[in-house]
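Engineer: After the structure tokens below, expect a handful of questions from me.
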């Protein structure tokens with residue numbers, strides 16, 4: 001794997017937004033004739049300067065995207081990085097994000113497959129360099145910023161300077177990074193931040209599949225080559241790009257693996273609830 005850009009942005013929601021768009025390029029057309037199939041991708045984000053050093057890297061973001069061509073539904077399931085689960089080759093259950101350090105995206109894929117009890121064949125792995133370039137490429141993201149956001153941390157890597165005003169506006173790549181990196185100030189803490197980022201995600205997806213962006217596919221391919229690794233051919237993704245409008249972007253289901261945090265042997269884990277997980281997967285028509 002080649003070296004990626006040094007961008008330490010906690011970009012959970014943006015990552016999913018971009019990868020869903022890339023997924024749509026491939027999925028909407030290639031499986032349109034297979035009405036009974038669900039297409040699943042594991043989306044992995046790495047908090048690292050160079051994720052080619054697999055032995056020292058743990059995944060920062062793990063999400064499952066399930067797309068149903070027959071109904072047009074898209075389901076996104078976030079898997080907390082601290083989820084306690086067995087990992088092949090390890091004696092005891094560990095945090096699920098360790099699986100990437102032990103065996104890269106392939107082992108993470110297998111670990112999630114065993115955790116959820118479903119078939120997953122594809123993965124997309126991305127670094128943080130795609131945020132600014134991609135948002136600029138599609139002409140920015142229209143969004144209502146819910147409050148004045150102001151914060152600075154000059155020692156962060158890269159340095160963090162946030163200065164956004166409340167109100168409707170178009171965020172360019174730099175402002176999108178500011179919006180996604182802002183953490184403090186939400187009345188309901190992390191929940192408020194999640195809600196704000198989900199709104200960004202939905203707007204980004206909708207703007208990504210505007211017809212005009214078909215003309216920008218060469219630029220998207222360049223960003224893809226610089227910042228992503230996957231077992232899905234880019235040529236296949238681009239070929240079906242025009243079919244992505246067939247999915248219902250108002251029918252995106254976002255959820256988190258059911259469970260709760262728990263201290264075990266001095267470490268904080270997320271312990272998922274198997275019964276509630278099975279119910280959720282059935283309700284989403286994933287299992």
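Engineer: Looking at 94, 106 in this structure, which one is at pLDDT 90 or above, out of contact with any helix residue (DSSP H, G or I) (no Cβ under 8 Å at 6 or more places or on another chain) and buried (at least 17 other Cβ atoms within 10 Å of the Cβ)? Even if it seems obvious, please write down each step before you answer.
Structural biologist: On the way: 106 fails: buried (at least 17 other Cβ atoms within 10 Å of the Cβ).
Only one candidate passes the filter, namely 94.
Engineer: Okay, next question. Would you pick out the residues in the range 260-277 that are at pLDDT 90 or above and surrounded by 13 or more Cβ atoms within 10 Å (Cβ to Cβ)?
Structural biologist: Answer for the range 260-277, where residues must be at pLDDT 90 or above and surrounded by 13 or more Cβ atoms within 10 Å (Cβ to Cβ): 269, 271, 272, 273, 274, 277.
The values are calculated or read from the model by the stated rules, or taken from the named source; none is laboratory data. Please read these numbers as outputs of a predicted model, since none were measured by experiment. Note that each Cβ is placed from the backbone with ideal geometry, even for glycine, and that neighbours are counted across all protein chains shown.
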